[in-house]
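Chemist: This is the structure I want to talk about, given as structure tokens.
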Amino acid sequence: MSEIFYPKDEQDVSDFVFDSFNKNNPIEIIGHGSKKIGRIIQCSQTLSLKSMNGILEYFPEELYIKVLPGTPLNLIESVLKEKNQNLGFEPNDLGYIYKGQSDPGSIGGVVSCNLSGPGRFKNGALRDHVLGFKAVNGSGAKIKSGGTVVKNVTGYDLSKIVTGSYGTLCAITEINLKVSPIPDFEETFVINNLNYIEAIDIFNKALDSSLEISGACFFSEDNVSFLTLNDVKKDTSILGLRIQGPKSSVVERIQVLNKMFKDQSTYVLDTYQTAIFWREIKNLEGYANSENFICKISLPITNMGNFLKHFKNLKFKYFLDWGGNIAWCEIYNNSDLDQMRIFCLKHDGYLTVIKANDNFRQREDFLTNSNSNLKILSKKLKESFDPKSILNPNKMYLGI
């Protein structure tokens, strides 16, 4: 079992990494340990950022918050809610699929995994909400990028590079995040009795309109039991379109949807039901305690229809999110997963294994993408940030 070091501040992190760099000792970087994403790695020591927690600055009127990496996500969300604000990227709480209950972990872990919820296609990914950060690279040097305001920059945007790097480039010691006002009102327009082809067509029509849809999902009738709301029919497929904003605007846009899809079987979830509905989707609560593979498959929407057609006879559960650009899948065996990885490689797609057994995580990569240049770029970035490859080595890919 590796030795665990709990730094108190950035200088402690810098000293620890610098010492490990000189001794060529690999380090596993962790936060609250709530996200078992990525390859299992072997390190002689562990750097836990759990003790580096707290809110350093919060200016609601400036729409930003500065936090330490070990700060619990639920604490940040609670403080923001008091000022009627939230994190616009709607971070996923993956505790349900790992533990069967809420465990959102730390903000550092969320940023490292680039976890973005249902509003991703409208509000941007988590990386678009990071204003700046401080960190320690693989040689122990302190680095800083960005600040507390949104501005245009030339050259590399290090915030976007570090976000989603799974701790392989640096140990984050401080994060500045953009925050957003909580919408005044929200409702969900629901359409039943669709197949996936019809659902994708409706996504295209609704998202190409001026209605500012902020959530768009589809559950086939085989997986609609994923949802727990009593008002959601369980004997047919369901497509949901979320509308947010001032109440009068939401009501008006819902009326427009009624006219657009007047020939369909429709109804509306009220504000209370809408909050539950999208929380369950965001947190993958319907896959709670599953012993199977949980994967996120990202494809151009034109290829998503081909994906579902290609695997229509395969036994797996899925639902579409982000307006049909991703499928959250529960897959029952490695062979079926391999087939889906091959499909993604051939059709401009990405597959991320969010949950897998330890045997898989020890032996196989959890990221599959069709752009071979991304892996080459990842390797070059790793060499630049972490020349001796001591930070979470092999976490993302074998050899990186």
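The values are calculated or read from the model by the stated rules, or taken from the named source; none is laboratory data. On a predicted model such as this, the values are computed, not experimentally measured, just so you know. Ideal geometry is used to build each Cβ from the backbone, glycine not excepted, and the neighbour counts take in all protein chains shown. Only protein heavy atoms, including side chains, enter the accessible area calculation; ligands, DNA and RNA are left aside. Shrake-Rupley method; radii C 1.70, N 1.55, O 1.52, S 1.80 Å.
Chemist: Output needed: percent of Cα pairs per 10 Å distance bin for the stretch 280-357, bins running from 0 to the one holding the longest distance.
Modeler: Each 10 Å bin holds this share of Cα pairs: 19, 58, 23, 0.
Chemist: Pairing the Cα long axis of helix 271-282 with the longest principal axis of the chain, what angle in degrees results, from 0 to 90 and rounded to the nearest 10?
Modeler: Compared with the principal axis, the helix lies near 50 degrees.
Chemist: Can you pull the three principal axis extents for the Cα set of the stretch 169-234, in Å, largest first?
Modeler: Extents along the principal axes, in whole Å: 49, 30, 28.
Chemist: While we're here: Where does each of Glu291, Glu221 land when they are ordered by accessible area, with a 1.4 Å probe and the largest first?
Modeler: Glu291, Glu221
Chemist: Using a Gaussian network model on the chain with a 10 Å cutoff between Cα atoms, which of Lys178, Lys379, Lys23 fluctuates the most?
Modeler: Taking springs between Cα atoms under 10 Å, the residue moving most is Lys23.
Chemist: Right, here's the next one. For Phe185, Phe203, give the ranking by accessible area with the largest first, probe 1.4 Å.
Modeler: Result, largest first: Phe185, Phe203.
Chemist: Calculate what fraction, in whole %, of the accessible area of the stretch 161-317 sits on carbon and sulfur atoms when a 1.4 Å probe is rolled over the protein chains.
Modeler: Looking at the stretch 161-317 in its full context, I get 45 percent from C and S.
Chemist: Express in Å², to the nearest 10, the accessible area of Leu80 obtained by rolling a 1.4 Å probe over the protein heavy atoms while all chains stay in place.
Modeler: Roughly 0 Å² of Leu80 is accessible to a 1.4 Å probe.
Chemist: With viscosity set to 1.567 mPa s at 4 °C, what whole-number translational diffusion coefficient in µm²/s follows for the stretch 1-138 from Stokes-Einstein and a Kirkwood radius over Cα pairs?
Modeler: Value of D from the Cα-based Kirkwood radius: 80 µm²/s.
Chemist: Which three lengths, in whole Å and largest first, does the chain cover when its Cα atoms are put on their principal axes?
Modeler: Sorted from largest, the Cα extents of the chain read 69, 51, 39 Å.
Chemist: What's the magnitude of the charge dipole for the chain around its Cα centre, counting Lys and Arg as +1 and Asp and Glu as -1 at the beta-carbon? Answer in Debye, nearest 20. Walk me through the numbers on the way to the answer.
Modeler: Working: 45 positive and 45 negative charges, 179 e Å.
Here the chain has a charge dipole of around 860 debye.
Chemist: Can I ask one more? Determine the dipole magnitude for the stretch 330-396: charges of +1 sit on the beta-carbon of Lys and Arg, -1 on that of Asp and Glu, nothing else is charged, the reference point is the Cα centre, and the result goes in debye to the nearest 20.
Modeler: For the stretch 330-396, the charge dipole is close to 320 debye.
Chemist: Distance cut-off 29 Å, Cα to Cα: go down the list Lys205/Lys346; Lys262/Lys346; Lys83/Lys395; Lys99/Lys134; Lys83/Lys234 and report the pairs above it.
Modeler: The pairs that break the limit, which is 29 Å between Cα atoms, are Lys262/Lys346; Lys83/Lys395; Lys99/Lys134; Lys83/Lys234.
Chemist: Given a 1.4 Å probe, how much area per residue of the chain is accessible, in Å²?
Modeler: It amounts to 45 Å² per residue over the chain.
Chemist: Inverting the mean 1/r over all pairs of different Cα atoms, compute the Kirkwood radius of the stretch 77-129 and quote it in Å.
Modeler: Here the Kirkwood hydrodynamic radius works out to 11.7 Å.
Chemist: Next question. Tell me, how many Å apart are the Cα centres for the stretch 42-105 and for the stretch 1-32?
Modeler: 21
Chemist: Calculate, in nm to one decimal, what Glu252 and Asn306 gain on full extension: separation in residues at 0.36 nm each, minus their alpha carbon distance.
Modeler: Details: separation 54, 0.36 × 54 = 19.44 nm, distance 3.46 nm.
Value of the extension gain: 16.0 nm.
Chemist: Keeping all protein chains in position, work out how much accessible area Ile342 exposes to a 1.4 Å probe, and write it in Å² to the nearest 10.
Modeler: Per-residue accessible area (Ile342): approximately 90 Å².
Chemist: Lys/Arg Cβ at +1, Asp/Glu Cβ at -1, dipole of the stretch 1-108 taken about the Cα centre: which of Gln101, Ser51, Phe16 is farthest positive-ward?
Modeler: Positive-end residue among those listed: Gln101.
Chemist: Give or take rounding to whole Å, what are the principal axis extents of the alpha carbon atoms in the stretch 225-376, in descending order?
Modeler: Result for the stretch 225-376: principal-axis Cα extents of 53, 32, 30 Å.
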